[in-house]
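To start, the structure itself, in structure tokens.
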Amino acid sequence: MNELLESLTRCVERGKVNSKSPYPPDLKGQDGADEFARKAIDAGIPPQEILSNGLIIGMQRVGERFRNKEIFVPDVLMAAKAMAAAMGHLKPFFQSDILKHKGTIVIGTVLGDLHDIGKKLVSMVIEGAGWEVVDLGTDVSPEKFLKAVDEHPGCVVGLSALLTTTMVNMESTVKHVKAKHPNVKVIIGGAPVTEEFALKIGADGYSSDPQGAVEFLNSRCTPN
Ligand code: B1M
């Protein structure tokens, strides 16, 4: 693996944000995800590769160590911060192809769920594919989704969930939105979500990754 990508993986895994960050103490004064992401871009590594072969691998390791109780919530938060610092450098590349919006997607992480890294990534890639993204953030109630749909006629709705305990809130959101706007299309995604679950709750689409969400939008959603 490329050395810069390995460094990025390590920075996310260790929660090393930038050279000024005193955490973790053994890496004090050394470059962090912020600097390595810049260097990787300057070295000509494609942004998608930086994401897939650097940052996401780091976050997968964090997830495994968290599950094995080797690290705890504050460590995961630092990892998320490091990932966000690196993603800041990638964002312009995912957004560079915008000419005219193909349509609007209202996106958010469902009620009770605070995970936003995946949702932000999906948003960036969708934006880069020419769609306007209205990001409602995390812990978004069905009522808030409905209000946003009222405000953006003709939009598509995107729901993200990372917890088995919150994916159930996707169903109430789909029902709430479709009761008033039966023609609005809803796509869902997130680690515990499956195509079967999407069908069961009445969502129109499911994707395991950002590109699948773009394909759904481009092929199944009429531009407004
Ligand atoms: Co949490 N967490 N977490 N966490 N966390 C998981 C999800 C977990 C699997 C970790 C584990 O145990 N191994 C576990 C869930 C278990 C379960 O439900 N079965 C878990 C838990 C238990 C918790 C808490 C309950 C822990 C606690 O407090 N005891 C708590 C819940 C808080 C809450 O939400 N109410 C919690 C908290 C947190 C932090 C706040 C510390 C932090 C989030 C910080 C943030 O987001 N700003 C965090 C993190 C970072 C994780 C892990 C380590 C990483 C998630 C992530 O960002 N992945 C995660 C373990 C893991 O996934 N490896 C874990 C990287 C991201 C790029 O992937 O989000 O899957 P992902 O998104 C992908 C796809 O899923 C897809 O595309 C994205 C890009 O490829 N996708 C879509 C996502 N949304 C989509 C929407 C679409 C289409 C595709 O269409 C609309």
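The values are calculated or read from the model by the stated rules, or taken from the named source; none is laboratory data. Because the structure is predicted, anything quoted here is derived from the model rather than measured. Every residue, glycine as well, gets a Cβ built from its backbone with ideal geometry; the counts of neighbours run over all protein chains shown. To get the accessible areas, we keep the full protein, side chains included, count just its heavy atoms, and leave off ligands, DNA and RNA. Shrake-Rupley method; radii C 1.70, N 1.55, O 1.52, S 1.80 Å.
Miscellaneous remarks
- Backbone amide hydrogens, once placed in the peptide plane, bring I188 within less than 5 Å of L159, G205, Y206, S207, excluding anything fewer than 5 places away on its chain.
- Residue (of N53, M87, V73) at the positive-pole extreme of segment 3-95, dipole from beta-carbon charges: V73
- The lysines within cross-link reach of K91, meaning a Cα-to-Cα straight distance under 20 Å and a gap of 8 or more places when in the same chain, are K16, K39, K81, K100, K102, K119, K120.
- Nearest-ten-degree value, helix 33-42 long axis tilted from longest Cα axis of the chain: 90 degrees
- Summarising the amide proton neighbourhood of L111: residues at separation of 5 or more, or on other chains, whose placed amide H is nearer than 5 Å comprise V140.
- If you take all other residues with their beta carbon under 11 Å from the beta carbon of S21, and give Lys and Arg +1 and Asp and Glu -1, the sum is +2.
- Segment 80-166: trypsin sites (Lys or Arg not before Pro) in DSSP loop, at most 12 other beta carbons within 10 Å: K100
- FRET efficiency for the L77 to D150 pair, using the beta carbon distance and R₀ = 25 Å, is estimated at 0.15.
- With kT/(6 pi eta Rh) evaluated at 20 °C and eta = 1.002 mPa s, and Rh the Kirkwood radius from Cα pairs, segment 71-224 diffuses with a coefficient of 138 µm²/s according to Stokes-Einstein.
- Nearest-0.05 FRET efficiency for T165 and H101, computed from C-beta distance (R0 22 Å): 0.05
- For the set T164, T109, the ranking by accessible area, highest first and with no ligand, DNA or RNA atoms included, is T164, T109 under a 1.4 Å probe.
- Sorting the Cα pairs of segment 7-166 by distance into bins of 5 Å, from 0 upward, gives 2, 9, 16, 17, 18, 15, 11, 7, 3, 1, 0 percent per bin.
- Calculated accessible area for segment 3-95 comes out at 53 Å² per residue, all protein chains present (probe 1.4 Å; ligands, DNA, RNA ignored).
- Each principal axis of segment 26-73 carries a Cα extent, and these read 37, 27, 12 Å when sorted largest first.
- As a calculated quantity, the FRET efficiency between D42 and Q211 at R0 = 22 Å, using C-beta atoms, amounts to about 0.30.
- Remark: the K69-L199 segment gains 43.4 nm on full extension, using 0.36 nm per residue and subtracting the alpha carbon distance.
- Taking the protein heavy atoms of segment 104-220 in the context of the full set of protein chains, the accessible area attributed to carbon and sulfur is 55 percent at 1.4 Å.
- Close amide-amide hydrogen proximity is noted between G32 and S19, each under 5 Å apart and 5 or more residues distant or on a separate chain (H modeled in the peptide plane; Pro and chain starts excluded).
- Using heavy atoms of the protein chains and a probe of 1.4 Å, the accessible area assigned to F66 is about 90 Å².
- Sorting R220, R67 by solvent-accessible area of protein heavy atoms yields R67, R220, largest first, with a 1.4 Å probe.
- Surface per residue (accessible, 1.4 Å probe) for segment 104-220, Å²: 44 Å²
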